[in-house]
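Everything below concerns the one structure shown next.
Every read-out reported here was derived from the displayed coordinates using simple, explicitly stated rules and does not represent laboratory data. Since the structure is predicted, the reported quantities are computational estimates derived from the model, not experimental observations. Cβ atoms come from the backbone with ideal geometry, glycine included; neighbour counts cover every protein chain shown.
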Amino acid sequence: MKNEFELFLENNFKKNPLCSRLNSISGGYYWKYDFLLLELYKNKEFRNNDSYIIEYFLSHFDFYCYPEFPKEKIVEILKLLIKEKTKLELLKILDKLYFSQIRKILLIFIEQLDYKSMKILINTDENSVSKIINIVILIFETSQILKDYKNFDFQTKPEFTESKHILKNDNYIKFNKYIEKLIKQNKPIMSLYLLNYFGGCGDNNSDYDLIINNYIKAFVSLERIDILAKYYDELELANDNIEFLVLLAEYYIKIKDSDNATLIINNITKIEPTYPFIKLGLNEIQKIFMINKLTADNIDIENINKLTGQEFEILLINKFKELGFKTIATPITGDYGADIIIETQDETRFIIQCKRFKSKVNLKAIQEVVGALAHYNGDLGIVITNSTFLNSAIKLADSNDIELWDNFRLMQFLSNDISFSQIVDS
């Protein structure tokens, strides 16, 4: 009786002598037929039979998940199926497989294929498959981290024994709660190892959600937000988890990626419009925009932090002059608390104390400018710094109507924006 492959060859390639020869030498291993068919596909002479070959590979796809099937052959077949735009059919097949089988296939995708190829599979409406792909990508990233612990014997630890015990009855919810407990105990590496070892255990979407959230929590605990940011757009990770979204926004702000930071903050606003981080985050994003503008104007904010006190004063004097204010010099020493005096067209006088500090400005600077107001007959006092202010300085300034320009206000000022100051109303 002819086997399935022989019938396939007979029905579709019987006019090709090469097929008969391949069939006769294929031997007794069933998967060798698939290898031979792969070679047929590579041979341009038989390219008119592409559709039959694709159909055959798709119908046998579950077989490629078995451990005996060589990885390099799976890679070739996967590349072929992606190239022939059969992703939907492939995903439907994946959806019917056991998780352990899917994991093998998708790990090969991630290890062997470029990221664009992986995205072809990710962009699908097959919800459960998408979540499995999320998990497998997180498994792959975790495996890269665990390479640094290759000599560490995780399986002798009590956590490993406990996990095996929990999973005896396929209790995936209890297993994931145990993983969450380990993360809270500051054991993210062990948590990641267990998640990977047991294949991201789960049978349905709710299990997958728990798995993904535990991977996220472990990566956050390791301060590896970069990994989660890398896949955020494609995988839509934890869009309803505000704490995670805040960490992600902070990461984008740290690397000065204002576009993605704004996107994440908009997501936070949709979930909880009054969340405290939103205002802080938007201020930080505005700061990035201002730094970029200053850089475009050849003003390096980092260089400002390296200026001497006198150089810092000169920078501010020149900017006030540029904005049309009259500046009056004060002595380098014995200035009675005034580094710069400026006047508006209606002769309103502002007394300015400049503080180029590495640390926060204390209340002494406020006391100095309060004294200088009386000495120079000023109308308003301002303290300008490249740093920030201590709470005691802020309280004293409030009670004496002194304006405080911190590093954020300084950048606005250098960007020609003084809309925040009473100077504008004078």
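Our estimate of slack between Ile173 and Gln185, defined as 0.36 nm per intervening residue step minus the Cα-Cα distance, is 2.5 nm. Here's the picture: a label point sits 7 Å out from the Cα of Lys395 along the beta-carbon direction, and within the stretch 351-383 the residues with their amide nitrogen under 18 Å of it are 360-368. Beta bridges from DSSP with both residues in the stretch 318-426: antiparallel share about 40 percent, rounded to the nearest 5. If amide H atoms are built 1.01 Å from N in the plane of the peptide, which residues on other chains or at least 5 residues away come under 5 Å of the amide H of Val361? Correct list: Thr388, Phe389, Leu390.
Each residue, Ala374 and Thr388, gets one label point 7 Å from its Cα in the Cβ direction; the gap between the two is 3.2 nm.
The phi torsions of the stretch 252-266, fed into the Karplus equation with coefficients 6.51, -1.76 and 1.60 and a -60° offset, translate into couplings of 5, 5, 4, 8, 6, 9, 5, 5, 5, 4, 5, 4, 5, 5, 4 Hz, rounded to whole numbers, with Gly and Pro shown as x. If you take the beta carbon distance between Lys157 and Ile271 as r and set R0 to 30 Å, what does 1/(1 + (r/R0)^6) give as a FRET efficiency, to the nearest 0.05? About 0.20, to the nearest 0.05. Once you compute Rg and the Kirkwood Rh from C-alpha atoms, what is the Rg to Rh ratio for the stretch 242-296? Value, to two decimals: 0.99. With the simple model of a label 7 Å out from the Cα in the direction of the Cβ, Lys256 to Asn292 spans 1.1 nm. Each of Leu146 and Glu223 was given a label point 7 Å from its Cα along the Cα-to-Cβ line. The distance between the two points is 2.4 nm. Using the Cβ-Cβ distance between Asn305 and Tyr197 with R0 = 51 Å, the FRET efficiency computed as 1/(1 + (r/R0)^6) comes to roughly 0.60. Under the combined filter of DSSP loop state and at most 14 neighbouring Cβ atoms within 10 Å, the stretch 341-426 retains these trypsin sites (Lys or Arg not before Pro): Lys358.
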